[in-house]
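To start, the structure under review is shown below, and the notes come after it.
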Amino acid sequence: MEIETAHPNGAPRPLPGILQLTSETRHRIYLYLGVAQRRIYGKAAPIIYDLGDPSRFKIVNSESQFDDGPASFHSLLLSCRTISSEVSAFLYSANWFVIHYQARKSLVALRALTPNALASLANLKIVLNQGSCHRREPGTMGFEECCGRIWAYKQPLNGSPRLLYGCGADHGDAHDYPLTAASPPTEDVIEDWLKTAAYLASYITPGQLELSLVCDVGRGDVEIARRILDGFRLLPRLKDCHIRLCETRHPQLQQLAQEAARHARGIDSSKLVGRSPSSSSSSSLGPSLLSLPPEIRLRILQYTDLITPSKEVMWKKSSSVVSYYIQRPPCYEEWGPSYCPPHCNQGCRFSHCWRTIFPQPSIGCFCSARHTAASSRCKCWAPPTPLFLVCRTLYAEANMVFYRGNRFIVIDAPGTGSFQGRPPGDYPHKSFAASHFLKKVIPPHCLTHLRFLEVVFSVLTHENRPRDDHPAFQDWDDTWDWVKGKLNLPTLTLRLAVAAHPDRGRGPPESWEMTREQGKMVLATYNRIILPLQRLGGTSDGGGGLARFYASLPWPLKWSREATRRLAAMDRDARSEWLDSKDREIKIRAERYVMGDRYNHVSTTGAEPQRSVWAWGTLDLYF
């Protein structure tokens, strides 16, 4: 109804009720009634409404499932035009809205919004088709287990083209088939999306809306993707834009998504550094970068993906794995900084782009390292392969930065777990993993660039240790003789570790009955592994030797019945100190043996490098 501001006789009439208050006071009332934010455990967060729900609005914040929702302020929308306009503007500008395409209902609910609502709209997510990560159920706005699964585009089961692994029975049926030219609903989806984009373009405010679009097409279906992206050309400039075109990575589709996202945000691609409209990215990158002095190029390359988030690169000898990989530690940054290991926390923003600090909602997974997607939120690390393919000069400089800037960890363990011990029996290979890595994996001309090398053996027992005359030991000796002249020893830090599980109750099963004599056999194996490393220690004056050497070798009897019996008579603090002293004794003996007369000086002139990531996480990405 209209607000009358005067009597029929012309006398002024006071504004009714709430309109007599200031706009700031009315705003606080709307906030108190739940128009905008919900407080979850004392913290404010926007509400996410599902526009496609039969009741028009549905709160999908799982923590707010007991709220009254729109019922608490619905009467305000019916009171008068002024209040309805204010509440509507506040509602659509402060909250998030999501809609999923449905075959019968399409996107009609979004086109039913009034011009005033669309002009105020600030955050909208449209899911046309999703193969993972963007379900309708409460609490599924962020990362899901299907994002981190192993992609399997093998022969589909029962003819289904959906991914085979990682999606349990709880939500496997919630995923859509990818849109292809042969898919029956493809034309309907595209037509409805373009119609909706044209309607939005007529009313949304330029530079205000953050739009997320999910439309998973088939791998290589470039034409379908182009038609979907045509909808962004109809829209005015967006505040931000997030696009996902495929649930796995595809180079050509990735480029289309990135160009569409830049165009939607009003970024002129021709003005990007080193790029012109008539030149390709590869041809323009060369002259612009190569024209700089080498020292500046090297500094620039240090800020690229050549340096991994944790500054660590791993390699494991396996019949199925021949490439480098990285590990990411467990991270619970969304709970707060105190829930993430401090020395690993700096890498979270380069590997978990979908995460937000609780209770702020997430837009969902638009990670370009896992999917074909473009998003300003994603700064996740990806393999820097293109930097090695530009030209010979950049290839050499990229290698220099890659091997100097990262710590290299070579894992000699079976399976995928670093703590997994080998079964009883002799060592199954003719050479150790580190020998193979130094002689056959890393290019010989790059050995001089290594600054940190960590060699990790799986936990050793009296039943699985390599025998003293094993061929791997002879190859081990030959390797260090061969590589000594190729490494830049005065700049190299070497660490030798045996992967013992930090939980004292999870040692190798055969260790329980280990005797003192059997423990001495394991210590003898430690000595045999360390023996050739003494050649790298250098002289007492510091010439020609390793910059630093560290050892992390567990006391073999720490999981035995005998040790457990002794620990039972101690209090908790004394137990840890006693076990640590055993490990420390072996550590000091090994480091002193390798460094010789230089040990005392080196051990007092700096702290040991932090614990490597292999001890925290599981393998994540091969490259």
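Looking only at the stretch 536-582, residues that are touching a strand residue (DSSP E or B) at 6+ places or on another chain (Cβ under 8 Å) and either in a helix (DSSP H, G or I) or not assigned by TED's automatic domain parsing to the domain that holds L460 (or both) come to 1 in all.
Residue-wise test of (1) among the hydroxyl-bearing types (S, T, Y); (2) within 27 Å of W354 (Cβ to Cβ).
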residue	(1), (2)
P184	no, no
E187	no, no
Y203	yes, no
V217	no, yes
L238	no, yes
I243	no, yes
T248	yes, yes
A260	no, yes
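A count restricted to the stretch 524-551 and to residues that are hydroxyl-bearing (S, T, Y), touching an Asp or Glu at 6+ places or on another chain (Cβ under 9 Å) and at pLDDT 85 or above stands at 2. Is there a residue in the stretch 393-415 that is under 19 Å from the mean Cα position of the chain (by Cα), surrounded by fewer than 18 Cβ atoms within 10 Å (Cβ to Cβ) and within 30 Å of C133 (Cα to Cα)? No, every residue in the stretch 393-415 fails to be under 19 Å from the mean Cα position of the chain (by Cα), surrounded by fewer than 18 Cβ atoms within 10 Å (Cβ to Cβ) and within 30 Å of C133 (Cα to Cα). Strands (runs of 3 or more DSSP E) fully within the stretch 310-390 that include at least 2 residues being modelled with pLDDT of 85 or more: 312-316, 372-375.
When V455 is tested against (1) in a loop (DSSP other than H, G, I, E, B); (2) under 37 Å from the mean Cα position of the chain (by Cα), only condition (1) is not met. Report whether or not E510 is acidic (D, E) and modelled with pLDDT under 90. So E510 fits the description; yes. Looking at the structure I just gave you, is Q155 under 31 Å from the mean Cα position of the chain (by Cα) and at pLDDT 85 or above? For Q155, the condition - under 31 Å from the mean Cα position of the chain (by Cα) and at pLDDT 85 or above - is not met. Each residue in the stretch 583-614 was checked for being touching an Asp or Glu at 6+ places or on another chain (Cβ under 8 Å) and outside any helix (DSSP H, G or I), and 1 of them qualify. Scanning the stretch 420-430 for residues that are touching a residue at least 60 places away in the same chain (Cβ under 8 Å) and buried (at least 19 other Cβ atoms within 10 Å of the Cβ) turns up just one, G421.
Inside the stretch 44-64, can you point out the residues that are modelled with pLDDT under 75 and either in contact with a helix residue (DSSP H, G or I) (Cβ under 8 Å, 6 or more places away or on another chain) or of a type in the set (D, E, K, R) (or both)? It would help to see each step written out before you state the result.
Looking only at the stretch 44-64, we keep the residues that are modelled with pLDDT under 75, and these are 53-64.
Passing the criteria: D53, R56, F57, K58, I59, E63.
Within the stretch 396-419, the only residue that satisfies the criterion of being free of Cβ contacts under 8 Å to residues at least 40 places away in the same chain and among the aliphatic types (A, V, I, L, M) is A396.
In this structure, D475 does not satisfy being loosely packed, with under 15 Cβ neighbours inside 10 Å and not aromatic (F, W, Y).
The values are calculated or read from the model by the stated rules, or taken from the named source; none is laboratory data. For clarity, every value in this text was computed on a predicted model and none was experimentally measured. Note that each Cβ is placed from the backbone with ideal geometry, even for glycine, and that neighbours are counted across all protein chains shown.
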